[in-house]
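A.B. asks: My questions will all concern the structure given below.
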């Protein structure tokens, strides 16, 4: 099943592995199911970000076919439809739907998933701000609903910096290692190395602080203002603004500590894979970083098994 009407064979793709992180999006969608129920928001498109092995890019079979535009997002859609229409498992979730209802659901899901492409970041945020300020979500059109779902999924997709410091840095380490491996593959193929993907030249702290300050902070300022309180309005921890607070605090920690904030793991990120310890990605942060986190009011550290389950 192709992602768009334009289909071409694609093989040997190089790109970022998909992020399977929906906590922030799930929270937002749960809220939409109650306080914003008139928007008719559905969580169906949340699951359409299929997991791949860590650090692996989508590499379809030679006969795989989907759009050559927005390759990563199109791969997610094509793979999701393949899984949903698995005849061996008899798991067609649209069984019994009318053609019109199916077409609308598919179009909405495709729109939301393609909306996770960062090239739509500012465009969607601008449209959302305009529609929200105009009161459109009090009685939303179908176009408004689609935009809202795209915002939900995008919030989940870029939510790593919204977590408290311990989890945010765990994801930073993984995404930067993924970036550096892509950069090495680009160099191997004689291609220009993409920005922030050169293992030897990238300052991880500057990269994170800049990206989060310019893109993530403004986005979640708007998004959490829209979401409002998540339960008991008298309890600050139940306000979605805690997500925005995490973003601000994480930026400041990157700026104040630099790469030293990674407590020694930065040396592995600047080491080629052949010389890295086999299990270095599973290393826990040292206790001093967890104590610092406790001083900031973050949750008490969980056992290692629970940390990995959270990730």
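A.B. asks: From the Cα trace of region 94-219, what convex hull volume per residue do you get, rounded to a whole Å³?
C.D. replies: 166
A.B. asks: If you don't mind, another one. Could you check the simple spin-label distance between residue 281 and residue 119, using points 7 Å along Cα→Cβ, in nm with one decimal?
C.D. replies: Going by the 7 Å Cα→Cβ label model, 2.8 nm.
A.B. asks: Extending each Cα 7 Å along its Cβ direction at residue 242 and residue 90, get the distance between those two points in nm, one decimal.
C.D. replies: A separation of 4.4 nm, rounded to one decimal place.
A.B. asks: Full extension from residue 255 to residue 225: what is 0.36 nm times the residue separation minus their Cα-Cα distance, to one decimal in nm?
C.D. replies: Additional length available on full extension: 8.3 nm.
A.B. asks: Using a Förster distance of 35 angstrom, determine the FRET efficiency expected from the C-beta separation of residue 69 and residue 201, and round it to 0.05.
C.D. replies: That gives a FRET efficiency of 0.75.
A.B. asks: What distance in nm lies between label points placed 7 Å from Cα along the C-beta direction at residue 194 and residue 274?
C.D. replies: With each label point 7 Å from Cα toward Cβ, the separation is 2.4 nm.
Where a number appears in this text, it was derived from the coordinates with a stated rule and is not lab data. Since we're looking at a predicted model, the values are computed, not measured. Cβ coordinates were reconstructed from backbone atoms using ideal geometry, including for glycine residues, and neighbour counts include every protein chain displayed.
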